[in-house]
Each structure stands twice: as structure tokens, then as C-alpha cells.
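Structure, as C-alpha cells:
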Amino acid sequence: MTQTLSHQEIHYNQARASLQQALSWYSSFRRHWNYPPNPELQASVRKDLQSLKSALDKLEQKVIRIAAFGLVSRGKSAVVNALLGQKVLQTGPLHGVTQWPRSVRWTPASGKVHVELIDTPGLDEIEGEARAEMAREVARQADLILFIVAGDITRTEYQALCELRKSQKPLILVFNKIDLYPEVDREEIYKQLQVLGTGSSDRDAPQILSPDEIVMVAAEPQPVPVRVEWSDGRVTEEWEMPPPQIDELKENILKILNREGRSLLALNALFQAKEAEANIAKKTLEIRQEEAEAIIWRYAKYKALAVSLNPIAILDLVGGMMADLALIRALARLYGLPITSHEAGKLWRTILISSGGLLIGEIASSFVLGIEKSTAAATSLFESPAALATYASTALTQGGIAGYSAYRIGKAAQEYLEKGCSWGPLGPSTVIREIFAQIEPNTILARLRQELS
């Protein structure tokens, strides 16, 4: 347990450092969005910057959010009330009792974790598209999802379950209202839920649940008749409300939170930051597209001209690389994205390798031509003026190759920069991979890792 808690602390600190770095970077580079002035860009990224900040705020608050989803009349509010141990949320037989998401604080007996339980409207409410959109936003903010069913799962529920799985959050399927079923029927439904997704033709959601992710409860059992024998010999029948059967779900949740709670917080914050940073970069690239094209062509022409006029082969290679690095830095500066000279060099090498050797081949061809050009230059000076024609022809060819390679490197750099700083050492994508690499087997996060892989 000590080792697990230590891993949780590491994951939490990694996520916190990643988000702090991202906010610091984007705050520092924000001035580049004002030069040249572009109000459209400022307005476009404002929401994503706020999302990045809210992800860090939520992480530092150390409050785990658990959201209850399901169709109408499945007992979502009743499940939340049963976990709380008191009837805080309204319940009833009518459809759509819960009109808007409502959150309540839950302090489990252990006192080791702080939890916020969120009740949501039914996902299938008539004219409830606005509420459905609100539910999707709640799912994005949640660290753990409870999907409530009350019997055999319907096609609508299956589709909703698959959709929630795409939110990249751990999920527990809660089979509620088991008191309404005889033991035999209850077990049969439970077995059907266990094999949910098996044999499905939907490639996005095969085996969407494991047996450990299914819990049976009776959050608000129906009253049962009780025979009462009085001292005067009278016998009457009264209706008694049984206590909720919620212990298994509560123990399951506490087990997850104690074992993986901080890792859940860290991953959710990182996923949110990754999405925000990708949106910032994408919007910036779209709005700055014309300016970026002008920069790429300008550096391509400079590189072509410098390489073609330079008579020394080795300087062609060095000068070409310096021009590529300057191009990457210029694009990053235009987009207001954080990148150092060292990172620009790493990105340049990544682009060369990921090109499948094509760009490396072009550089090698340019270097060979540079040697030929240097030889022709030396010959033209000391032996044959006719070698000037060879020099000019070779320089023109070499310059064309150099300019074309610069253009391709610029376009490739745009694609990498679109990911923002998420690809850096402390970027969300990198930290997410590191956390998943340390997840222990047979945990709910190990299940999530399997899905994402």
C-alpha cells in the first residue's frame, strides 16, 4: 500500500508540474498573440486558457468528482442519496425529477479523500439536447463515472454507455433496483451485464465492461409488508422501508479512491490540459495560416539562396540546418508556442527521422552537390573558366533542393506545433504515457489504459 500511495504522489506531482509549466509558458508567450495584433485569436483561445487554469485549480483542490449518469427513472438521485446516507436529492416516480446537474459533498468514513457527487438529468429526456450537452460537460469534468441501469440494458443505454467510454474516464456500471427482481432473474440479468459487449460488431466498444466494474444495489428499496403481533392478540400488517443495499458500491468506490484516487485526479487534469493545449495550438495555426505560409516561403528562399551562393560544401550543411532551426523558431514565435533552441533542434531531428529518410536523402544529395559545386568553383578559378557553367548549374540544383527541403520541414513543423507543448518532456501527452506505464495490474486505471491502447 505504501508503494501505491508513493506512486500516486508521483503521478499527482507530475501532473501538477505539467499544468504549471503550461500555464507559465502560455502566459509568457501570450504577448505574441498581440504582435501583430489579432483580437480574433485572443478571443478564440480565451476559453481554452481558462480550461487549462481550471484543470490546475481542480487538481490543487484535491476533490474527486464522481458523476452519476443514466436514463430517466433508473434511480440516479437515489444512488447518490444512499451513498450520502441521507435524502438530500429529490426522488420520485415521475420522469425527469432531476432537471439540472447538482453536486453534493460526500465525506466517507475513512476521511482520507474528499469527494463531490454529481447527479445529472436523464440522458434520454425529451427535448433535452441542452441537458445532454451539459451532461457531456459534466463527464469531461468527472474523475469517475457511475452509469445507473435498472435491469436488462437497452440499446439506448448501450449507446450512451459507449459514448461515455469515449470520455476516457473509469466507469462503474451500477445495477440498481435489484429488490424488484427475484433472485433467479437478478442473477440472469447480472450475467448478461457481465458479458456486455461480447460478440458486438461495434469495434469501438467490444468488451466494454469487466465483471469488476459491475455492482448490484438497491438504493431506495420498495416498502415491504411486515406482520405485527400486538399484546392484545391483534395481528396487523404494516409497510416498512428496508435500508438501502449500497455497501458493495460504497466499498468499491472507496477501494478505488484509496488505491488510485490521486492518479485519477492527475490523469483527468492531464487529459483536460491536453485537449485545451491542442485547441489553443490548432486555433492559433488556423488564424495565423497566411502569415505562417509567408514565413515558410521566406526562409525557403533564404536557404536556397544562401546554399546556392556558398562555395564551401560543409558550410552548406551547417548553414542549411541553422536556417531550418531558425524557421522552426520563427513559426513557434508566430504561434506564441513555447519552444527553446534545444527543443527546436529535437523537433528538427524528429522531423528528419519521421520523414522515412526522404529529407535525410535530400540533405545528403544537397551535400554531394555541394562537394561538386566546391570542386567546380576551385576549378573555375585555377584551370577552366568553363567550369563556371557547371558551378552555376550545380548551385541552382542544390539551391532548389535546399529550398524545397526547408518548405517541407516548415510544413512538418506546423503539424508538430499544432500539438502545442503537449509533446515536451513535461507535456500532458508525455506525462500521461509515464503514468500509464507505472499503473499496477488489476486496477480500474489498468482497464482504462487497455482501452486507450
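The number of residues in the stretch 248-279 being closer than 23 Å to residue 437 by Cβ and within 13 Å of the chain's Cα centre (by Cα) comes to 14.
Condition check for residue 60 on (1) under 21 Å from residue 170 (Cα atoms); (2) part of a helix (DSSP H, G or I); (3) open to solvent by less than 40 Å² (accessible area, probe 1.4 Å): one failure, at (3). If you take the residues in the stretch 218-241 that are part of a loop (DSSP other than H, G, I, E, B), in contact with an Asp or Glu (Cβ under 7 Å, 6 or more places away or on another chain) and touching a residue at least 40 places away in the same chain (Cβ under 8 Å), which one is nearest to residue 146 (Cα to Cα)? Among them, the one singled out is 221.
Between 306, 281, 269, the distinction of being in a helix (DSSP H, G or I) and open to solvent by 40 Å² or more (accessible area, probe 1.4 Å) belongs to 306 only.
The values are calculated or read from the model by the stated rules, or taken from the named source; none is laboratory data. Quantities reported herein were computed from a predicted structural model and do not represent experimental measurements. As a convention, Cβ positions derive from the backbone with ideal geometry for all residues, glycine included, and neighbour counts pool all protein chains shown. Calculation scope for accessible area: heavy atoms of the full protein, side chains included, ligands and nucleic acids excluded. Shrake-Rupley method; radii C 1.70, N 1.55, O 1.52, S 1.80 Å.
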